[in-house]
1. Out of B:Val37, B:Val3, B:Val14, report the one residue that is within 28 Å of A:Ser59 (Cβ to Cβ) and either near DNA strand D (Cβ under 7 Å from one of its atoms) or open to solvent by less than 70 Å² (accessible area, probe 1.4 Å) (or both).
2. All but one of (1) touching a strand residue (DSSP E or B) at 6+ places or on another chain (Cβ under 7 Å); (2) modelled with pLDDT of 95 or more hold for A:Ile51; state the number of the condition that does not hold.
3. Any chance you could count how many residues in segment A:82-112 are open to solvent by 10 Å² or more (accessible area, probe 1.4 Å), assigned to a helix (DSSP H, G or I) and either within 16 Å of DNA strand D (Cβ to nearest atom) or among the β-branched types (Val, Ile, Thr) (or both)?
4. Do we find a residue being of a type in the set (Val, Ile, Thr) and closer than 30 Å to A:Ser88 by Cβ anywhere in segment A:234-250?
5. Out of segment B:167-220, which residues are in a strand (DSSP E or B) and touching a Leu at 6+ places or on another chain (Cβ under 9 Å)?
6. Looking at this structure, is A:Asp25 closer than 21 Å to B:Asn58 by Cα, charged (D, E, K, R) and either at pLDDT below 95 or within 9 Å of DNA strand D (Cβ to nearest atom) (or both)?
7. Filter segment B:239-269 down to residues that are more than 13 Å from chain A (Cβ to nearest Cβ), in contact (Cβ under 8 Å) with a residue 12 or more places away in the chain and open to solvent by 10 Å² or more (accessible area, probe 1.4 Å) and give me whichever is farthest from B:Ser218 (Cα to Cα).
8. Being near DNA strand C (Cβ under 6 Å from one of its atoms), more than 38 Å from the chain's Cα centre (by Cα), within 14 Å of chain A (Cβ to nearest Cβ) and of a type in the set (Val, Ile, Thr): is that true of B:Ile5 here?
Protein chains: 2
Amino acid sequence: MGVTINDVAKAAGVSASTVSRVLSDSPRISKKTKMKVRKVIEELEYYPNFIARSLASNSTNTIGLVLCTEAHYLIHNSFFIQAMTGISTYAQENGYNVMYAFNKNEEEDLNIAIKYVSSKSVDGIILFASRVNDKCISYLKKEGFPFSVIGRPDETDGVLWVDNDNFQATYQVTDYLIRDGHTNIAFIGGPAGFNVSKDRFEGFKRSMYVHGLDINESFIFLDGDFSSEFGYECMKKLLENESQSLPTAVVTCDDMQALGVLNALSEKGIDNIAVTGFNNNLLPGINRGAKFTSVDVNAYKLGYYAAKVLIDNILGKEGTPTHYIVPTSLAENKL
Amino acid sequence: MGVTINDVAKAAGVSASTVSRVLSDSPRISKKTKMKVRKVIEELEYYPNFIARSLASNSTNTIGLVLCTEAHYLIHNSFFIQAMTGISTYAQENGYNVMYAFNKNEEEDLNIAIKYVSSKSVDGIILFASRVNDKCISYLKKEGFPFSVIGRPDETDGVLWVDNDNFQATYQVTDYLIRDGHTNIAFIGGPAGFNVSKDRFEGFKRSMYVHGLDINESFIFLDGDFSSEFGYECMKKLLENESQSLPTAVVTCDDMQALGVLNALSEKGIDNIAVTGFNNNLLPGINRGAKFTSVDVNAYKLGYYAAKVLIDNILGKEGTPTHYIVPTSLAENKL
DNA sequence: CATAGTTGTTCAAGCGATTGCACAAACTTA
DNA sequence: TAAGTTTGTGCAATCGCTTGAACAACTATG
């Protein structure tokens, strides 16, 4: 069926080990032999068997992705696909394959991780969006298995990770609003279990503090999810609370939340409240009337560097950083 | 380091082959031995080495995804991530891993396919969105390598594939509009070279015919692309043609086209024309004012069945269909 | 010219499972 | 009780490649 290394060896009149060493361009093989063997490889269209190679070298040249997320969240969030593209790009550049598995909850995540590690089907793992007290992280640490995390984990000691500076991101976008003249700013946060939620809220608070602005407690919504429904509800509450005036700007932690806010506003015919989101994910054309700014987290790069930091580490490259901070940028959205 | 089958064999006082047979639940092993061995496996936390198993059994229990697509297209199209989720689900249910690689053009696609096949790193391949005269398909056919295609290929002979019934889809959505009272309906189609474009137009025509409605030739736009620009232009033409009244509804073949139509309408402040799209891809809430219906192609199921048809075929399951038609459904879009 | 050091290649032992075949023990059957 | 079955287990080859160590053939050195 397939051409094996032995076929090549026979045809070239050398031993299999020589062929193997030609393949890995070993300095112990003479130029002449290399040329000869390479010609035969070409002629026979020989391609090394990936599995056999893995078994012998005790490495699979494959990394595994563990993504836990609920279906509806995925569907309108390009974050994952962008990050996966970034991962795939760096992996391919370095001869690595990428495996993925979508899971529905933390337990499934852990099971997949255990499976990957125990069956030795991958050389390293990339974790998406670390939770507080992430079980996968504890497990992988305990096993001493190479992994990197997209999203800063609780405990960065000895962990490879990439993230935005989420503190900086909300600090920046809040600062941007304040410079634009806003003083009454509402904040809609993410799920309490994620570090990203905490950081984004802190950045917001800090920016307000630095500018000497008070935070109106009734303008703050924490521990929701990253959905448009949550954004909608929060904005509704703001609109219904007649005991006080409205904010002039709303900082949200996700474009979907922002969308919900925009919809609530549009229902009331309000178009003079500035809204900001995260991920730069909304379609151009969506936003007519209200002004909308999104923090682009650069998911492609997050993925790319998550793969880089992991693969470089596996390969034992010298001077590889243990983490990367991928810069965010502000994206103005209009048709 | 890791526990091997030999460790288990030794600890259980049997041979490695017996352990292997216990693992595959061979009927040739007695209940008593199975119990004993299983207990040891449990105790030692033994997990079979995936690679070794693959080498010995000459199968990787892995399928590879070949996705060619341009970055910007990915970003706002949830089709891929949904399909990938469906694939992952069926694969996991059947003990298969999934590898993916994003490519930028047909050549890269082919290279990845060649790599997967030649290095024997996967047991089968899923191709996304077949092109006309797809090189990957020809190659895989020539090699006799198992693969399935999402999107009906030119030549279905001996090919595993899944797709929607595109005729039925536009038939249904047109029917829906007609029952809603519309009689003057415009149609915006896709690129001429694709079967999907033809089928969707036929479905539209058939529905009009069945309801005894005339098709206004100036309401028909064929051979455009699936872009919002094309949708925008077509709608512009309709709006500018003062020699006749406007349609009351517009059937488009993609949500992006629909978005263009909606934008053209919104510019004129028109909100009483019904618009339909494909893919159910626009964010809920995008559409304020105009009514918007999308044909949900059910990408998750397309992926799920693409995996099913492939894996079942690899496993040689009896009576596996060679293709599936995944039903579409209508999705009303509102917040 | 014998000895030591290079250089290039082969040998053979893994890597960790699967699986056809042989064989021993237990059970039928005549 | 001997011969024939059935049942359960082990032996050993195999999958295709990598790699440390051995070795042969040269080249340099004193």
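The values are calculated or read from the model by the stated rules, or taken from the named source; none is laboratory data. Fair warning: this is a prediction, and the values are worked out from it, not measured in the lab. Note that each Cβ is placed from the backbone with ideal geometry, even for glycine, and that neighbours are counted across all protein chains shown. Only protein heavy atoms, including side chains, enter the accessible area calculation; ligands, DNA and RNA are left aside. Shrake-Rupley method; radii C 1.70, N 1.55, O 1.52, S 1.80 Å.
1. On the way: B:Val37 fails: within 28 Å of A:Ser59 (Cβ to Cβ); B:Val14 fails: within 28 Å of A:Ser59 (Cβ to Cβ).
Matching residue, one of B:Val37, B:Val3, B:Val14: B:Val3.
2. With (1) touching a strand residue (DSSP E or B) at 6+ places or on another chain (Cβ under 7 Å); (2) modelled with pLDDT of 95 or more applied to A:Ile51, the lone miss is (1).
3. 3
4. Of all residues in segment A:234-250, those of a type in the set (Val, Ile, Thr) come to A:248, A:250.
Applying the additional criterion that residues be closer than 30 Å to A:Ser88 by Cβ yields none.
No; the residues of segment A:234-250 include none that is of a type in the set (Val, Ile, Thr) and closer than 30 Å to A:Ser88 by Cβ.
5. Taking segment B:167-220 and keeping what is in a strand (DSSP E or B), we get B:185-188, B:220.
Selection gives B:Ile185, B:Ala186, B:Phe187, B:Ile188.
6. no
7. It comes out as B:Thr248.
8. Yes; evaluated as a whole, the condition is true for this residue.
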